[in-house]
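Colleague: Here it is, the structure in full.
The values are calculated or read from the model by the stated rules, or taken from the named source; none is laboratory data. As the structure is a prediction and not an experimental result, all values here were calculated from the model. We place every Cβ from the backbone using ideal geometry, glycine too, and count neighbours over all the protein chains shown. Note: accessible area is taken over every heavy atom of the protein model, side chains too, but ligands, DNA and RNA are not part of it. Shrake-Rupley method; radii C 1.70, N 1.55, O 1.52, S 1.80 Å.
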Amino acid sequence: MIKKKITSFISAAAIVIASVPAITSDVDTTVSTTVYASEEYSVPNLNIAGKKIPDTESFHFVNDMGAGFNLGNTFEAIDNAGAVEGDANMYLETSWLSDGEAGVTTTETIDAIKNAGFKTVRIPVSWHNHLDSDFNINEDWLGKVSSIVNYALSQDMYVILNIHHDCEKSSGFTSPDYDPEWATGNKDCYIYPDNEHLESSVKYVTRIWEQLSEKFKDCDNHLIFETMNEPRQVGNIHEWWYADDDCCHEALECITQINQAAVDAIRKSGGNNSDRYIMVPATSAKAEAAMQSKYFQMPEDSAKDRLILSVHAYEPFDFSMDKTSEGAPTEFTDAMKKSLDDMFDTLYVAFIQQNIPVVIGEFGATNRDNTQARTNHAAYYYAAARARGITCCMWDNSNAEGDNEAYRFLDRTNKEFIYDSIAEAAEKYGAPRKTFSGGGVDGVVVNSNCTLYPDGKVMFPSAVGEKAEIYFDIDTTKSLCGGGALCFNLNVDGKGYWIGYPFRAGVEWDSSQNKNMPVPYTVDLTALSEMNAVCWSENRQVTDYTELEKLSKICQESTSAEIQIWWSLDLNWGDRPDSSVTAGKSESEVSELKAAAAKECIAVINVRPMNLPLDTNMGCGSWNSASSEEYTVDDISNFQSFLVKKNTLDLNEKNYDLNNDGALNVIDLCIMKRQYENKQNEGRPVIEGEKGVVSIKDNKITFQHGIGSEMILEVEHNDCVGGGGCISFIETVDDNEYWVAYEWQTNETGVVKIDMTTPDQVTLNDVKVEESQNSEIYKKLGELCMQEKEANLFYWWAAQSWGNNYPDGTDLTKYLTVRSAHITSPLT
């Protein structure tokens with residue numbers, strides 16, 4: 001059971017709170033019956049504000065699926081050299097498990113998954129090693145799979161059933177142990193998404209789903225069908241990576257048709273299959289492939305609102321799956337959290353906001369003896385996904401160690417979950433949301449020039465052409481210069497390439513606005529000398545002119561690219577971050593830190609192919625975003641009421657844990673008030689010195705000390721082109737009482753400086769005293785006024801237009817407001 005933290009805080013100036021329960025997420029953590037063993041690892045306290053989710057039946061269904069888990073390396077294991085055609089080949093169930101036969105799947109296996117807090121189990125199944133020549137599934141094999149599926153359903157779990165490792169050109173698997181003798185005649189019969197094998201692929205998928213649909217047609221909607229797992233052109237250089245080329249386009253078009261065939265077969269079977277939820281993937285189950293709407297489409301469906309996009313995302317890749325143990329990171333960093341946020345925000349914008357539900361069928365973090373880091377990763381992954389309305393299924397393959405994907409979370413022999421902290425993180429942050437309300441996503445640009453996603457993906461309406469113009473937003477309080485690259489992934493002649501065209505983000509002084517303004521940068525895709533080209537499949541830098549020219553032309557024909565931001569300089573032209581932060585870090589760690597720092601102050605807000613007219617509907621950096629989280633007076637009042645009365649607070653609406661300590665208390669309330677005040681003061685000039693109290697009601701400005709030689713007023717004007725007034729004093733010299741005034745008038749900056757050493761007007765008995773004849777009196781009166789701690793404030797005039805003042809008797813405070821007053825040299 002997850003224990004809720006209790007905090008106590010006493011504030012003399014605000015509210016007295018005796019014991020405030022911490023709220024660490026927007027899910028109910030009090031209903032679990034799971035008991036976790038004591039261990040040395042802990043689940044982090046997270047509070048990720050939820051995004052607004054479509055209020056449709058499919059999104060409620062996906063939300064209710066909770067945290068998911070994969071029964072991997074089990075029923076999807078294959079052996080194309082040893083399996084006997086037509087036989088059950090039951091040995092395959094345990095052939096890939098590190099537990100061996102002791103890991104055979106039983107009802108206790110499902111119990112262990114459920115007891116660990118998982119509500120959904122994905123059961124991957126490969127079928128081709130259990131078929132006869134007519135693609136009839138062996139009854140013993142189907143019976144074993146069916147028994148596990150039905151038991152999980154009986155335990156009120158959701159079950160995802162699929163076609164898994166059947167992505168092949170023919171009756172044999174393209175692996176080193178492939179034995180062509182196994183498949184007599186090398187007949188085309190499995191799934192390979194190209195035009196040559198499309199017909200046979202459709203035939204195979206249709207036949208398998210006809211049988212599965214008939215077998216499970218009476219199961220309720222807790223059973224979900226997934227048409228395929230990671231369909232791809234096995235052996236292609238871009239088998240696992242989408243590239244904007246004819247080969248990948250063909251694969252997507254074929255996958256669209258194969259998915260359609262599967263959906264048609266399922267719906268045709270009737271029963272509960274007529275409206276069963278169906279998951280469908282794009283190439284390799286990659287999100288970026290599914291975003292290629294010109295080539296990939298969700299199937300047409302006779303059932304309404306019953307399709308779910310299937311996505312796999314082992315991210316961040318270097319932490320989650322990189323098989324190179326040497327140099328691979330073992331800590332889950334803040335930069336990695338940001339990369340996950342960008343990924344989930346992109347999924348949110350590309351699919352969730354388009355009313356397409358998403359289930360991430362596979363994710364995980366390989367074991368590098370870093371349990372706490374993997375706990376932190378699981379917690380953040382589940383929480384960030386759930387905040388965007390996405391359900392996730394952790395991958396388990398029973399492999400405990402080694403470079404090759406060590407995803408062993410469940411002890412298949414003893415039927416126990418190994419890492420309590422990871423299970424707790426999954427249950428806690430993968431649990432269903434209570435409400436679908438929330439905010440939106442920053443960093444998205446959608447206009448006639450491009451669609452720019454939070455993770456840097458750029459989609460163009462047509463070929464980018466010879467040149468592209470990149471526009472920036474720069475936080476000039478942190479940096480005036482930075483850079484990155486416009487990047488392309490290409491598949492050319494069976495080779496994989498990465499192409500980067502570097503760009504520089506900079507500013508120029510704009511005298512009309514009296515500030516530095518970002519300037520666009522033109523990337524010339526024909527400039528071979530500017531290209532940074534790497535053939536990653538051959539591990540070499542491309543220097544050959546002919547090869548570069550060919551790659552350049554392909555880049556120009558591309559309709560998608562990626563923006564990467566790499567570096568920035570501070571206001572003193574030093575690296576961000578400086579050497580005090582990067583000292584002792586590896587090269588990859590330094591690059592990660594520099595990129596993260598750069599993204600804090602530099603944002604690409606438009607990429608215009610220069611063969612298109614400029615669309616001025618651009619984005620903005622988070623520091624200028626109108627949609628970034630803001631707090632209102634009502635928020636402050638509601639939060640204060642929550643702290644006092646313990647009433648319900650909807651954490652999906654706003655983030656209230658503002659110091660990220662996992663607790664809600666008066667500290668957060670104080671931070672909220674400060675953020676509200678800062679927002680109200682946004683754009684106003686920063687004025688140094690002692691601040692006075694301005695009372696419009698009493699027409700007074702009051703300070704703690706003598707005013708001194710200078711007073712600065714911050715003046716706003718509304719519905720007028722300008723206005724003015726004065727501050728005044730009554731002073732006595734030689735028994736004469738003088739009225740002393742210092743005039744002020746609005747200007748473009750809104751900041752008015754008053755020289756207190758010499759008054760602008762002096763009257764005695766309502767008669768003006770001329771300075772030219774009374775310089776000593778003026779000097780003496782100035783000295784007396786500088787010692788005063790209070791001044792009278794008057795508004796004299798406001799102009800509707802220049803030369804057209806509002807008439808006498810008008811309440812000028814409707815048009816003029818002295819918002820603040822400061823003294824720069826107070827007298828003590």
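Colleague: If a residue has to be assigned to a helix (DSSP H, G or I), buried (at least 18 other Cβ atoms within 10 Å of the Cβ) and at pLDDT below 95 to count, how many in segment 512-553 make the cut?
Modeller: The qualifying residues number 0.
Colleague: Something else: Given the criteria touching a residue at least 40 places away in the same chain (Cβ under 8 Å), of a type outside the set (K, R) and surrounded by 21 or more Cβ atoms within 10 Å (Cβ to Cβ), does P299 qualify?
Modeller: When the stated conditions are applied, P299 does not pass them.
Colleague: OK, next. Restricting attention to segment 722-744, does a residue exist that is out of contact with any helix residue (DSSP H, G or I) (no Cβ under 7 Å at 6 or more places or on another chain), modelled with pLDDT under 90 and open to solvent by 10 Å² or more (accessible area, probe 1.4 Å)?
Modeller: No, every residue in segment 722-744 fails to be out of contact with any helix residue (DSSP H, G or I) (no Cβ under 7 Å at 6 or more places or on another chain), modelled with pLDDT under 90 and open to solvent by 10 Å² or more (accessible area, probe 1.4 Å).
Colleague: Can you tell me which of T758, T763 is polar (S, T, N, Q), over 53 Å from the mean Cα position of the chain (by Cα) and either assigned to a strand (DSSP E or B) or surrounded by 15 or more Cβ atoms within 10 Å (Cβ to Cβ) (or both)?
Modeller: Unique residue meeting the criteria: T763.
Colleague: If you go through segment 221-229 one residue at a time, do you hit one that is more than 28 Å from G66 (Cα to Cα), of a type outside the set (G, A, S) and open to solvent by less than 40 Å² (accessible area, probe 1.4 Å)?
Modeller: No, every residue in segment 221-229 fails to be more than 28 Å from G66 (Cα to Cα), of a type outside the set (G, A, S) and open to solvent by less than 40 Å² (accessible area, probe 1.4 Å).
Colleague: Give me the residue from segment 415-430 that is open to solvent by 20 Å² or more (accessible area, probe 1.4 Å) and touching a residue at least 40 places away in the same chain (Cβ under 8 Å) and, out of that set, farthest from N624 (Cα to Cα).
Modeller: K415
Colleague: Can I ask one more? Got a number for residues in segment 480-501 being open to solvent by 30 Å² or more (accessible area, probe 1.4 Å) and closer than 18 Å to R576 by Cβ?
Modeller: Going through segment 480-501 one residue at a time, the tally reaches 1.
Colleague: What is the residue count in segment 41-78 for residues that are charged (D, E, K, R) and surrounded by 19 or more Cβ atoms within 10 Å (Cβ to Cβ)?
Modeller: Total satisfying the criteria: 3.
Colleague: Look through segment 439-479, keep the residues that are open to solvent by 40 Å² or more (accessible area, probe 1.4 Å) and outside any loop (DSSP other than H, G, I, E, B), and return whichever of them is modelled with the lowest pLDDT.
Modeller: So, considering only residues that are open to solvent by 40 Å² or more (accessible area, probe 1.4 Å) and outside any loop (DSSP other than H, G, I, E, B), the one modelled with the lowest pLDDT is V446.
Colleague: Scan segment 775-783 and tell me whether some residue there is touching a Pro at 6+ places or on another chain (Cβ under 8 Å), open to solvent by less than 50 Å² (accessible area, probe 1.4 Å) and among the aliphatic types (A, V, I, L, M).
Modeller: Yes; the residues of segment 775-783 include at least one that is touching a Pro at 6+ places or on another chain (Cβ under 8 Å), open to solvent by less than 50 Å² (accessible area, probe 1.4 Å) and among the aliphatic types (A, V, I, L, M).
Colleague: I'd like the full set of residues that are open to solvent by 60 Å² or more (accessible area, probe 1.4 Å), under 27 Å from A527 (Cβ atoms) and part of a helix (DSSP H, G or I), limited to segment 556-593.
Modeller: Correct list: S591 only.
Colleague: Given the conditions (1) loosely packed, with under 15 Cβ neighbours inside 10 Å; (2) touching a strand residue (DSSP E or B) at 6+ places or on another chain (Cβ under 6 Å); (3) of a type outside the set (G, A, S), report the number of the one that L812 does not fulfil.
Modeller: (1)
Colleague: For segment 361-371, how many residues are open to solvent by 20 Å² or more (accessible area, probe 1.4 Å) and on the phi < 0 side of the Ramachandran plot?
Modeller: 2
Colleague: So which residues in segment 80-134 are closer than 20 Å to F417 by Cβ and in a loop (DSSP other than H, G, I, E, B), if there are any at all?
Modeller: Correct list: W96, L97, S98, D99, V104, T105, T106, A116, G117, F118, K119, P124.
Colleague: Can I ask one more? Taking segment 217-261, which residues are under 29 Å from the mean Cα position of the chain (by Cα) and at positive phi?
Modeller: E230
Colleague: Okay, moving on. Let me confirm something: among V358, V263, V311, which residue is among the hydrophobic types (A, V, I, L, M, F, W, C), touching a Pro at 6+ places or on another chain (Cβ under 7 Å) and buried (at least 22 other Cβ atoms within 10 Å of the Cβ)?
Modeller: V263
Colleague: Restrict the check to segment 690-708 and report whether at least one residue is open to solvent by less than 50 Å² (accessible area, probe 1.4 Å), of a type outside the set (S, T, Y), within 20 Å of K768 (Cβ to Cβ) and modelled with pLDDT of 90 or more.
Modeller: no
Colleague: Assuming D578 fulfils every condition listed in (1) touching a residue at least 24 places away in the same chain (Cβ under 8 Å); (2) under 26 Å from F472 (Cβ atoms) apart from one, which condition is it?
Modeller: Result: D578 fails condition (1) only.
Colleague: Condition check: modelled with pLDDT under 90, open to solvent by less than 30 Å² (accessible area, probe 1.4 Å) and farther than 28 Å from L664 by Cα. Does G621 satisfy that?
Modeller: yes
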